[in-house]
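J.: Submitted below is the structure of interest, expressed as structure tokens.
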Amino acid sequence: MSILSKLSFKDQAFKLREDAILDATTRILASKGFDLMTMDDVALEVGISKPSLYKHFKSKEDLVAEAMIRLLDGAQDYWAAMPADSGPLQKLKTLLEWAVRVRLAGGLPFLPSTSPQVRDMLTRNLRYVAKVVKLNGTLKDTVKLAKKQGELRQDLPDDVILFSYYARTCDPAVEYLRMYAKMGEDEIVGHMLRVFFEGVQAG
């Protein structure tokens, strides 16, 4: 039984509206960025009044933080759903593919990397920080295991591999390939994975 089905009708409606608000926030942030996004933009996109929006989120900062937390939760859920027999390198490839597809769909895998203001704001959000630390720990352990099993290059420090991995999720090449090279989603994803993993995989 899903969490939503356990809620009262009123609470279900509230949760569904909140999800719609976060979806709208993600789309607007993808197109306008944090600085230009307003609460009016979000309310208009969802089709609700601004007072109704403030019943869910008291500020733009809280709204963006919750959108980022939901994204991290999505990454953790996707990781947890991978087959138990997947090797560490395969898990890293699968999650990066997910992240690039989220990006192509208008998601924001690592918005803080492009906005110091957002980064500073999120570092003060303890829920967000705890989830980042958890995901980073999982990925760092996976990189170590992949190196131990001979799947990743031994001459590259773990942090070089890990931070380069994160960088691929916010690489502007994704947009350029779609806009100017006229590539489809599957083609872009395939190229982005090859560009990264062919550089870090053991020969």
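The values are calculated or read from the model by the stated rules, or taken from the named source; none is laboratory data. Note that the coordinates shown come from a computational prediction; the quantities given were computed from them, not determined experimentally. We place every Cβ from the backbone using ideal geometry, glycine too, and count neighbours over all the protein chains shown.
J.: Could you list all residues from segment 162-180 that are within 18 Å of Val132 (Cβ to Cβ) and outside any loop (DSSP other than H, G, I, E, B)?
T.: Answer for segment 162-180, where residues must be within 18 Å of Val132 (Cβ to Cβ) and outside any loop (DSSP other than H, G, I, E, B): Leu162, Phe163, Ser164, Tyr165, Tyr166, Ala167, Arg168.
J.: Quick test of your reading of the structure: Pro51 fulfils all but one of (1) exposed (fewer than 14 other Cβ atoms within 10 Å of the Cβ); (2) part of a helix (DSSP H, G or I); (3) assigned by TED's automatic domain parsing to the domain that holds Gly137. Name the failing condition by number.
T.: Status for Pro51: all satisfied but (3).
J.: A further question follows. Do we find a residue being of a type in the set (D, E, K, R), touching a residue at least 40 places away in the same chain (Cβ under 8 Å) and either closer than 17 Å to Gly74 by Cβ or surrounded by 17 or more Cβ atoms within 10 Å (Cβ to Cβ) (or both) anywhere in segment 112-133?
T.: Yes: segment 112-133 contains one or more residues that are of a type in the set (D, E, K, R), touching a residue at least 40 places away in the same chain (Cβ under 8 Å) and either closer than 17 Å to Gly74 by Cβ or surrounded by 17 or more Cβ atoms within 10 Å (Cβ to Cβ) (or both).
J.: When you check Asp155 against the structure, is it modelled with pLDDT of 95 or more and outside any helix (DSSP H, G or I), yes or no?
T.: yes
J.: Would you tally the residues in segment 148-174 being touching a residue at least 40 places away in the same chain (Cβ under 8 Å) and touching a helix residue (DSSP H, G or I) at 6+ places or on another chain (Cβ under 8 Å)?
T.: Residues in segment 148-174 being touching a residue at least 40 places away in the same chain (Cβ under 8 Å) and touching a helix residue (DSSP H, G or I) at 6+ places or on another chain (Cβ under 8 Å): 13 in total.
J.: Suppose we filter Met183, Met192 for residues that are assigned to a loop (DSSP other than H, G, I, E, B), touching a helix residue (DSSP H, G or I) at 6+ places or on another chain (Cβ under 6 Å) and either touching a residue at least 60 places away in the same chain (Cβ under 8 Å) or in the same structural domain as Met68 (by TED's automatic domain parsing) (or both); which single one remains?
T.: Met183
J.: Confirm whether Leu36 is aliphatic (A, V, I, L, M), surrounded by fewer than 14 Cβ atoms within 10 Å (Cβ to Cβ), over 30 Å from Phe197 (Cβ atoms) and not assigned by TED's automatic domain parsing to the domain that holds Asp158.
T.: On the way: aliphatic (A, V, I, L, M): yes; surrounded by fewer than 14 Cβ atoms within 10 Å (Cβ to Cβ): yes; over 30 Å from Phe197 (Cβ atoms): yes; not assigned by TED's automatic domain parsing to the domain that holds Asp158: yes.
So Leu36 fits the description; yes.
J.: Quick one: Ile69 ticks every box in (1) within 24 Å of Pro172 (Cβ to Cβ); (2) in contact (Cβ under 8 Å) with a residue 24 or more places away in the chain; (3) in a helix (DSSP H, G or I) bar one, so which box is it?
T.: (1)
J.: Is it true that some residue in segment 90-105 is of a type in the set (D, E, K, R), free of Cβ contacts under 8 Å to residues at least 60 places away in the same chain and surrounded by fewer than 18 Cβ atoms within 10 Å (Cβ to Cβ)?
T.: For segment 90-105, residues of a type in the set (D, E, K, R), free of Cβ contacts under 8 Å to residues at least 60 places away in the same chain and surrounded by fewer than 18 Cβ atoms within 10 Å (Cβ to Cβ): absent.
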